[in-house]
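Undergrad: The structure follows.
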Amino acid sequence: MQMDRHSHLWRNAVAMPTVSRVAVCGGTHGNELAGVYLVRERLKRRADGTEPVSVVTVMSNPRAVQLCVRYVETDLNRCFTRATLSAPVSETSPYEMIRSQELNALLGPKGSAQAVDLLCDLHNTTANTGLCLITYSDCDWICLHICKHLQREMASTPVRYVHFDIPLNEAYSLDSVGKHGFAMEIGPQPHSVVRSVIFSAMQEGVQLMMDWICQFNSGTLFEGGWVDVYTMVKNIDYPRDSETHVITAAVHPNLQDRDFCLLHPGDPMFLSFSGETLRYKGKEALYPFFINEGAYYEKGIALSLARKRRVEIPSVRSETLR
C-alpha cells in the first residue's frame, strides 16, 4: 500500500530542473548586519569543489557596508527593475545604480537562461516579523517548498511566505534577478546592530535552504501540501501634518510588535502625540507586517497590510531522475 502511494506521488509529481547554481547575497542594505556577517563568514570558507551545488556568495553593496549605512546614494534594493537595469550609466550615475548592473551581469542577466537558478538575498528588519521569505510569485514551487521545509524544521522561529504581486519587469529587488529568488528577511533587529539570536536564525535558514536543494537535486521526492501565503495589499503611512508633512502619531502600543496578527476594522492603529487613538478604517480585516520598520520612515510607510490565503503546492522532484 505504501509502495502504491509512493508510486502515485512519483507519477504525479511536478518534474523541475535541478537547482545547480545558487547565490547567497548580503549587505544589499549595508546596516543590516546579520546578512553582512553571515556573508563574511561564508567568504572565509573557500569552496573545495566537493559541494553538489555551485554557490556564489556576494557582498552586494560593499560601500554601504563599509560605512554601515543602508545605502550610499540610492536604495540598491530598488534598482533591479528592467528599466533601471537597461538604463545607460556614467561616472556621475548613483553608485547603487552602477552596482545593480554589475550584480545583474554577475548573477543574471535577469530573465535569461544564464541567471542563477536561485538567489537568496539576506535582510534584517526592525519589525517583529520572525523569518519571512519575500518573493514576487505565489506559484513558484521551489520557493514554496523551501518555505515549507523551513517551517517544518525551524522550531524556534516563525516562518512565513510573503508575496509582492508585481510583474517581473517591475520587480525591483535583487532577488528578482534569479530564476527563482527571495529575500530572507528576519527581525526584530535594530539596524547597525547584530543580535546573536537573529544571526543564528538566518544561519539556520540558509543551511536548511541548502539542505533542501541538495536533497532535491539528488532525487528526493518532496510531497505537496499547503502553504499560507501573505499577499501584500497596500502600505499605510503615518498620520502627518497637512502643511509640514511631519508625522503626528506613532504606532499604537496595541499594534506594535504584532506583525502578522489580524488587524480588524476599528482596531487601534496609531496613538497621536496629543494622546488620541486613531483606528484602522479599512473595511477588510488584514494582516499587518513591517510594523514601524525603521528604514521605512523615509519611504512614508508605517506598516504594510496583507491578505492571507492557503496555496496548494504539488509534489516536486528533479527532472534529471526518472
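Every residue, every condition in (1) open to solvent by less than 90 Å² (accessible area, probe 1.4 Å); (2) aromatic (Phe, Trp, Tyr); (3) at pLDDT 95 or above; (4) over 19 Å from LYS179 (Cβ atoms), yes or no:
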residue: LYS44; (1), (2), (3), (4): no, no, no, yes
residue: GLY49; (1), (2), (3), (4): yes, no, no, yes
residue: VAL58; (1), (2), (3), (4): yes, no, yes, no
residue: CYS68; (1), (2), (3), (4): yes, no, yes, yes
residue: TYR71; (1), (2), (3), (4): yes, yes, yes, yes
residue: THR84; (1), (2), (3), (4): yes, no, yes, yes
residue: PRO88; (1), (2), (3), (4): no, no, yes, yes
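Undergrad: Within the range 211-225, does at least one residue satisfy the condition of being in a helix (DSSP H, G or I) and under 23 Å from THR125 (Cβ atoms)?
TA: no
Undergrad: Oh, and also: Against the condition surrounded by fewer than 16 Cβ atoms within 10 Å (Cβ to Cβ) and modelled with pLDDT of 95 or more, how does CYS79 come out, does it pass? Outline the logic, then answer.
TA: Details: surrounded by fewer than 16 Cβ atoms within 10 Å (Cβ to Cβ): no; modelled with pLDDT of 95 or more: yes.
Answer is no for this residue.
Undergrad: Given the condition touching a residue at least 12 places away in the same chain (Cβ under 8 Å), more than 30 Å from ALA105 (Cβ to Cβ), in contact with a helix residue (DSSP H, G or I) (Cβ under 8 Å, 6 or more places away or on another chain) and not in a loop (DSSP other than H, G, I, E, B), answer yes or no: does some residue in the range 176-194 qualify?
TA: The answer is yes; a qualifying residue exists.
Undergrad: Just for strands (runs of 3 or more DSSP E) wholly inside the range 255-322: which have at least 2 residues that are open to solvent by 10 Å² or more (accessible area, probe 1.4 Å)?
TA: 268-272, 277-279, 303-313
Undergrad: Now for a different question. Do we find that MET232 is assigned to a helix (DSSP H, G or I) and either crowded, with 16+ Cβ neighbours inside 10 Å or out of contact with any Lys or Arg (no Cβ under 6 Å at 6 or more places or on another chain) (or both) in this structure?
TA: no
Undergrad: Based on this model, can you work out whether VAL19 counts as surrounded by 18 or more Cβ atoms within 10 Å (Cβ to Cβ), modelled with pLDDT of 95 or more, touching an Asp or Glu at 6+ places or on another chain (Cβ under 8 Å) and not charged (D, E, K, R)?
TA: When the stated conditions are applied, VAL19 passes them.
Undergrad: Name, by its number, the condition in (1) hydroxyl-bearing (Ser, Thr, Tyr); (2) more than 26 Å from SER196 (Cα to Cα); (3) in a strand (DSSP E or B) that does not hold for THR92.
TA: So the condition that THR92 fails would be (3).
The values are calculated or read from the model by the stated rules, or taken from the named source; none is laboratory data. As the structure is a computational prediction, the values presented were derived from the model and not from experiment. For neighbour counting, all protein chains shown are included, and Cβ atoms are generated from backbone atoms with ideal geometry for every residue, glycine included. For accessibility, only protein heavy atoms count, side chains too; no ligands or nucleic acids. Shrake-Rupley method; radii C 1.70, N 1.55, O 1.52, S 1.80 Å.
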